[in-house]
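Here the structure comes first, spelled out in structure tokens, and everything after it is commentary.
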Amino acid sequence: MSLPKTQKQWYVQGADKGFDGFVYQDAAVPTPGDHEVLVHLRGASLNYRDLIIPKGEYPFPLNFPVVACSDGAGEVVAVGSKVTKWKKGDKVLTLFNQGHQSGDMDIKASKTGLGGCIDGTLRQYGTFAETGVAKMPSNLNFVEAASLVCAGLTSWNALYGLKPLKKGQWVVTQGTGGVSLFALQFAKAAGAHVIATTSTAEKAEMLKKLGADHVINYRVDVNWGETARKLTPGGEGVEHVIEVGGADTFTQSLSAIKMEGVISVIGFLGGAAPKDNFLETLYRVCTVRGVYVGSREQLEAMVAEIEKHDIHPVMDKTVFTLEKAKEAYEYMWAMKHTGKIPITIE
């Protein structure tokens with residue numbers, strides 16, 4: 001079957017127009033270079049990061065204009081002359097930072113983010129380095145697989161990148177966003193105990209169904225960090241906190257953490273202005289670590305674990321098409337979602 005010459009895609013024009021700078025347009029279908037693959041993208045998913053890029057609030061490198069979104073999965077439809085890892089028909093998902101292959105993040109790799117510095121996945125066809133994609137989990141569909149690229153890998157790195165999570169340890173997750181739900185699922189697969197926070201009884205029930213051992217309503221219990229600590233053996237605290245709230249939650253994360261535990265800072269949904277003295281890390285004898293997604297090596301390890309335990313991402317009930325992607329942005333900005341927002345691409 002011959003490939004089309006043109007395709008539809010979403011461009012972010014800059015960081016000064018908000019969602020008004022988000023443009024749906026025709027573009028040429030790219031030709032893969034010697035070491036590249038051409039992927040017919042079939043699924044995408046959104047992250048908070050995608051929303052704040054056009055709003056000028058993203059703290060990492062950007063290069064405008066850029067095709068939006070990091071999360072993508074699809075089928076390889078053409079390969080460059082020197083590609084050895086892939087063949088036509090392979091199902092793959094994208095690597096968030098194309099240059100982060102293994103080991104530690106560095107400045108060079110931080111400038112290779114899809115949908116930020118490099119054209120992303122809100123399009124029908126994309127070329128990627130053969131090292132910029134990974135095998136899709138065999139138990140997932142395209143939109144489920146796409147949702148792993150940023151939120152899934154970030155959670156995996158948080159739990160396994162510095163001090164690997166062990167069976168029987170304790171983890172605190174915050175809310176019902178993608179990163180937190182992945183962390184809950186990965187922790188339970190590892191045989192860990194999870195204390196989840198949320199704001200409604202309905203969401204609490206969902207968290208319990210996913211395996212949360214304890215759920216705390218943070219609106220009812222404002223000192224939930226201390227409550228979480230008391231739930232652990234000897235009241236010593238938890239080994240891992242998945243910190244997505246920022247200024248509004250960090251004090252409680254410090255209250256919950258065990259000596260030598262790790263607070264993985266991933267987001268700032270509750271504000272970015274710190275309210276805590278950094279010397280708290282000394283008083284608490286803990287590590288506070290910023291997490292910027294993860295490497296291809298970690299992505300492949302995560303995919304293997306997802307297949308082993310047949311883990312399926314929590315996807316929002318509302319499915320958007322590529323044409324309706326701007327509506328998906330607005331839907332997520334209004335916080336109407338639970339889990340990951342699916343976008344199908346034809």
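For the range 262-346, the dipole from Cβ point charges (+1 on Lys and Arg, -1 on Asp and Glu) about the Cα centre works out to 320 debye, to the nearest 20.
Taking the charge dipole of the chain about its Cα centre, with +1 at Lys and Arg Cβ atoms and -1 at Asp and Glu Cβ atoms, the residue from Thr121, Cys286, Val143 reaching farthest to the positive side is Val143. Expressed to the nearest 5 percent, the antiparallel share of DSSP beta bridges inside the chain is 60 percent.
What number, rounded to the nearest 500 deg cm²/dmol, is the helix-based mean residue ellipticity at 222 nm of the chain, given -39500 (n - 2.57) per DSSP H run of at least four residues and division by all its residues? Calculated mean residue ellipticity at 222 nm is -6500 deg cm²/dmol. Only the Cβ atoms of Lys and Arg (+1) and of Asp and Glu (-1) were treated as charged; on that basis the dipole of the range 97-218 about its Cα centre amounts to roughly 240 debye. Here's the picture: charge each Lys and Arg Cβ at +1 and each Asp and Glu Cβ at -1 in the chain, and of Cys69, Leu93, Ile266 the one pushed furthest to the positive end of that dipole is Leu93.
Taking all protein chains into account, the per residue accessible area for the chain stands at 43 Å² (1.4 Å probe).
Distance between the 7 Å Cα→Cβ label points at Glu260 and Ala201: 4.2 nm. The alpha-carbon atoms of the range 1-125 define a convex hull whose volume equals 110 cubic angstrom per residue.
Net charge dipole, the chain: roughly 340 debye, given to the nearest 20, about the Cα centre with Cβ charges of +1 for Lys and Arg and -1 for Asp and Glu. Structure remark: mean-square fluctuation, Gaussian network model of the chain, C-alpha springs under 10 Å; the largest value among Gln174, Gln101, Gln185 belongs to Gln101. For the range 1-160, the number of Lys pairs separated by eight or more positions or lying on different chains, with C-alpha atoms closer than 15 Å, is 5. Treating only the Cα positions of the range 70-196 as identical point scatterers, give the base-10 log of I(q)/I(0) from the Debye formula at each q in 0.14, 0.18 Å⁻¹. Log-scaled intensity ratios, in q order: -0.69, -1.04. Build a GNM of the chain with springs between Cα atoms under 10 Å apart, and of Leu46, Leu153, Leu207 the one that fluctuates most is Leu207.
Computed over protein heavy atoms with a 1.4 Å probe, the carbon and sulfur contribution to the accessible area of the chain reaches 53%.
Extending 7 Å from the Cα toward the beta-carbon at both Ala301 and Gln25 defines two label points whose distance is 4.1 nm. Would you mind telling me which residue in Leu122, Leu322, Leu162 has the biggest mean-square fluctuation in a Gaussian network model of the chain, where springs connect alpha carbons within a distance under 10 angstrom? Sorting by GNM fluctuation, first place goes to Leu162.
Here the simple spin-label model places points 7 Å from the Cα toward Cβ, and for Phe60 and Thr251 these points are separated by 3.0 nm. Given the chain, report the % of alpha carbon pairs whose separation exceeds 37 Å. Tail of P(r) above 37 Å: 16 percent of Cα pairs.
Farthest towards the positive end of the charge dipole of the range 170-311, among the residues Ser295, Ser255, Ala212, is the Cα of Ser255, using unit charges on the Cβ of Lys, Arg, Asp and Glu. Taking the centroid of alpha carbons for each part, the range 101-130 and the range 270-334 are 17 Å apart.
The values are calculated or read from the model by the stated rules, or taken from the named source; none is laboratory data. Because the structure is predicted, anything quoted here is derived from the model rather than measured. Neighbour counts are summed over all protein chains in view; Cβ atoms, including those assigned to glycine, are modelled from backbone coordinates with ideal geometry. Side chains included, ligands, DNA and RNA excluded: accessible areas come from the protein's heavy atoms. Shrake-Rupley method; radii C 1.70, N 1.55, O 1.52, S 1.80 Å.
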